[in-house]
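The values are calculated or read from the model by the stated rules, or taken from the named source; none is laboratory data. Since the structure is predicted, the reported quantities are computational estimates derived from the model, not experimental observations. Cβ placement follows ideal geometry from the backbone for every residue including glycine, while neighbour counts extend to all protein chains displayed. For accessibility, only protein heavy atoms count, side chains too; no ligands or nucleic acids. Shrake-Rupley method; radii C 1.70, N 1.55, O 1.52, S 1.80 Å.
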Amino acid sequence: RTSVNMPPHSSTPHSVPSIVPWFEPFIATALILSTYLFFYKTSLTNVELVLLIVLVTSVYFCSSELTRRTWTFAHRPQQRISTVIDHTITRFLGMVIGIVSILFAVWLFPEYDQPHYRRLLFEAVPLFLASFIPLSLVIIFLTEYLLGEKRDGTYQFGLIARFRWSEVEGKAFRAGVLEWLVRGIFLLINFFAVSTLLARVRSRELPDLSDGFVQFVMNIDSMIFMIILLVILPGYLFASRLIGTEVKKVDSTWFAWAITLSSYSPLNAAVYSAWITYRPLSDVYENTHVWGVIGAVHPTVLYCLGALILIAALFHLWGEAILGARSSNLSMRGIITNGPFAFTKHPVYVSKCIQWACIYLPILNGIGFLDATRSGILFILVCVVFGARALAEERLLAEDENYVAYARAMDEKSIFAFVGRTFPWMRFDWRYDYWQRHGHFNR
């Protein structure tokens, strides 16, 4: 994810002020879990339950962000109400164009022309539009009234909708296209994933030990992943200057887009399930969990593996939840440095790799020396892909001086600082100097 937060320490020369308080991810997670437990046995459909949880979480995130606003009513720009209304209409039309573009892509691409996807969309879109459109109009008006005009990408779309083509700024328009691409692609991916996963979790009732320890751990893991998807959806729905969660910049490099999209459906099927799948191909583990089979040699090993899987999953959830309304891919939405980001710059990627290592046990899952070696190499390649994603994010975020200060401090204090001391090219400072020498920040 491309947002990072850390409490200020007077003894740290490069400390960065905190944006999100340390307790916010725990409240958001509690809200999601309590709403799910309260309604999961009701007559609400899975889509309705997803939208309800996202609404509750979004209200909390937005309310929390408002308490940290930098604007005041007294210092709002002096402008005529007719001007505010004109800007509101332009921006609202731009937002409508963005939404229509997403729906057009759903209609156009065969990936979404599947009965399961169509059923989810036909149920969700009317409910979403009925609530989101009028709410957005109010928020846009308040933003224009309190903060004044900003001619960003969405505004450029509105200018086109109003046939004011001579006013369109090419650079801002291209930035708007990239922003709506990010929001559209990842909003759909996460919505389909969480709707499907919630239906599966809901059908199993609550996790218990009746199916054995291994299945109990995997059922809890599924529930945690469901919460992760629910906690990041508001970030793709709401991007507002009013609460300081607007997209400041979107990565425009082919490398960043290719390496990021490779981790999501449908491209991940070709990357992780075909070219670099490290999961065992042998029938020995068919319909079973690798860690359960290998861990069965001793109860202590089994329980330790189960605990590591859940700890990694919870660390992943912590890393996603603290981003809150700033959750996003390929974009810059503020620097967060506390919580899990006080330990490493990329807690989500680290936790994913640790969890997959514990679930599939690369090297140990191989049958014979060559198979084991092959599995280990492929898992390293998976970690390399996520390392490349981290590299792309750092290069984008390095345009923010707050991130540079944070990343340099992490060179010395993160849990992986020893790696940089051994291999200097693994330090952010080394990469930052390289990017500066090659004029990356002047493009």
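Say we look at the stretch 384-443 and pick out the residues that are surrounded by 19 or more Cβ atoms within 10 Å (Cβ to Cβ) and among the aromatic types (Phe, Trp, Tyr); which of these is farthest from residue 254 (Cα to Cα)? It comes out as 406. Quick check on my filter: what residues within the stretch 340-351 are closer than 15 Å to residue 232 by Cβ and either open to solvent by 10 Å² or more (accessible area, probe 1.4 Å) or of a type in the set (Lys, Arg) (or both)? Answer for the stretch 340-351, where residues must be closer than 15 Å to residue 232 by Cβ and either open to solvent by 10 Å² or more (accessible area, probe 1.4 Å) or of a type in the set (Lys, Arg) (or both): just 349. Remark: pairs (first residue in the stretch 218-231, under 13 Å from residue 348 (Cβ atoms); second residue assigned to a helix (DSSP H, G or I) and among the charged types (D, E, K, R); Cβ separation under 7 Å; 6+ apart in sequence or on different chains) = 228/320; 231/320.
Can you work out which of the residues in the stretch 138-160 that are more than 17 Å from residue 83 (Cβ to Cβ) and of a type in the set (A, V, I, L, M, F, W, C) is surrounded by the fewest Cβ atoms within 10 Å (Cβ to Cβ)? Across the stretch 138-160, the extreme among qualifying residues is 138. Checking the stated criteria, residue 179 turns out to be under 28 Å from residue 258 (Cβ atoms) and of a type in the set (Asp, Glu). Per this entry, residue 58 is counted among residues that are under 20 Å from residue 140 (Cβ atoms), surrounded by 13 or more Cβ atoms within 10 Å (Cβ to Cβ) and in contact with a Pro (Cβ under 8 Å, 6 or more places away or on another chain). Of the listed requirements (1) at pLDDT below 95; (2) over 25 Å from the mean Cα position of the chain (by Cα); (3) part of a helix (DSSP H, G or I), residue 149 misses just one: (3).
Applying the set (1) crowded, with 19+ Cβ neighbours inside 10 Å; (2) free of Cβ contacts under 8 Å to residues at least 24 places away in the same chain to residue 293 leaves exactly one unmet item: (1).
Condition (residue is touching a strand residue (DSSP E or B) at 6+ places or on another chain (Cβ under 7 Å) and open to solvent by 50 Å² or more (accessible area, probe 1.4 Å)) applied to the stretch 191-206: is it met by at least one residue?
No, that holds for no residue.
Those helices (runs of 4 or more DSSP H) of the stretch 342-443 in which at least 1 residues are touching a Cys at 6+ places or on another chain (Cβ under 8 Å), considering only elements entirely within it, cover 347-360, 369-397. Residue pairs whose Cβ atoms lie under 9 Å apart, separated by 6 or more positions or on different chains, with the first residue in the stretch 68-96 and aliphatic (A, V, I, L, M) and the second assigned to a loop (DSSP other than H, G, I, E, B), are 84/148; 84/149; 89/162; 93/162.
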